[in-house]
Structures are given as structure tokens and as C-alpha cells.
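Just below is one structure, and these are the notes that go with it.
The values are calculated or read from the model by the stated rules, or taken from the named source; none is laboratory data. In this text, all values refer to a predicted model and were calculated from it rather than measured experimentally. All Cβ positions, even for glycine, are placed from backbone atoms using ideal geometry, and neighbour counts span all protein chains on display. Accessible surface is based on the protein model in full, side chains and every heavy atom, while ligands, DNA and RNA are left aside. Shrake-Rupley method; radii C 1.70, N 1.55, O 1.52, S 1.80 Å.
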Amino acid sequence: MKNYEITFIVDPVLSGDEIKATAQTYVDQLQEAKATIVHVDEMGLRQLAYPINKRSSGIYYTVEFTIEDGAFVDKLELALRRDERIMRFLTVRLDKYGVKYNEDKRKGLIGKVKKKAKKQQPDDRRGGKPAGKGGRSDNRDNRDNRDNRDNRDNRDQRRPEPKKQEPAKKAPTAVADEEE
């Protein structure tokens with residue numbers, strides 16, 4: 001038995017029933033060819049990386065199946081190419097690692113990580129945000145601001161005035177030396 005996975009994008013302009021019927025036709029074709037359907041995943045409407053047929057989104061489907069003879073895959077791909085409702089498709093033969101990955105993904109071991117419950121942190125004394133989320137974790141006061149205010153008054157003392165450049169003196173030329 002050979003393991004395959006076929007992913008195809010259905011045109012989003014179709015109605016919901018037509019989209020499901022389109023995906024079901026290919027699942028039925030696989031079952032008629034005596035393929036065992038392992039899993040059908042409707043990933044739903046997704047944005048495309050680039051426009052295809054002037055569409056910027058599509059309905060994604062993935063069908064994982066096993067079949068004795070890989071020759072039927074060519075016939076299935078030909079049917080997908082001819083179908084105007086299918087925008088793109090990709091067929092992949094899975095090795096043992098791909099099969100294991102898909103099994104783990106269906107079990108929830110791979111993919112979206114469940115969020116852990118966050119510990120409640122007490123607010124700091126100023127009534128602001130908790131220390132870890134943008135609030136200050138140390139006990140600085142406004143001394144830095146006061147220092148800056150004091151320095152504002154001394155700005156003129158810190159910056160020396162730019163030096164005025166005197167016009168450069170012309171160096172005597174060889175012609176001037178000969179005249180003297």
C-alpha cells in the first residue's frame with residue numbers, strides 16, 4: 001500500500017454546497033478506485049500568497065489516502081487539471097515519516113499549542129501594569145527626570161560656540177616671486 005496526500009484549492013466564488021460537492025467528487029473517485037481514505041481535512045478559506053485566476057483567497061482541502069496502485073493518481077490529477085473549480089492542487093507520496101507526522105497532527109501532538117494558565121501577578125504599588133507587562137520592575141523614582149530638567153537650564157554652557165573661520169591667506173605663487 002502506498003500512502004498519498006492530495007491538497008487542492010477550490011474556487012471561493014462557488015456556494016458552500018458546490019464547494020463540498022466538489023471535494024466529495026474526488027473522495028468518491030478515490031473510493032471507487034479502492035483507495036482507503038485515511039483523513040479528509042477541510043482547512044477552510046485562506047488567503048493565497050499570490051493571486052490565482054484573479055482570486056486572492058481559496059478553500060483548501062487535504063485528502064490523505066492509501067492505494068495499491070499509484071497509476072490511479074495520474075488519472076485523478078488529470079481530472080483535477082480539467083476541473084475549472086479547482087484552482088491548484090498538489091499530490092505528495094508520503095513516506096513513513098510523513099504518515100507518522102500526519103497521525104501526530106491529528107492527535108493534536110503537533111500544531112497549535114494550547115495556552116497554559118498564566119499565574120496572577122500582583123499589581124505594583126502605583127496601581128499600574130504588572131511588572132512583567134510594561135510596568136517597571138524596579139523602584140526608580142523620577143530622579144532621572146529631575147536631572148534632565150536641571151540640565152535643560154545649562155544647555156548654553158555645555159555647547160561651545162562654533163569657531164569663526166578666518167579667510168585663508170593666499171600663498172605666494174611662482175609668478176609673484178619672479179616679479180619681485
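Per-residue extension of 0.36 nm, minus the Cα-Cα distance of K34 and E161, leaves a gain of 36.7 nm for this segment. Net length available on complete extension from V27 to R55 is 7.6 nm, with 0.36 nm assigned per residue and the Cα-Cα distance removed. Computed 3J(HN,Hα) for the range 7-18, one whole-Hz value per residue from the Karplus formula 6.51 cos²θ - 1.76 cosθ + 1.60 where θ = phi - 60°, is 10, 9, 10, 9, 4, x, 6, 5, 6, x, 5, 5, glycine and proline marked x.
Protein-only accessible surface at a 1.4 angstrom probe places the residues S15, S57 in the order S15, S57, largest first. Among the trypsin sites (Lys or Arg not before Pro) in the range 1-102, those located in a DSSP loop and surrounded by at most 14 other Cβ atoms within 10 Å of their own Cβ are K34, K54. Note on surface exposure: V92, V13, V27 rank V13, V92, V27 by accessible area, highest first, 1.4 Å probe.
The residues M87, M1, sorted by heavy-atom accessible surface at 1.4 Å with ligands and nucleic acids left out, run M1, M87 from largest to smallest.
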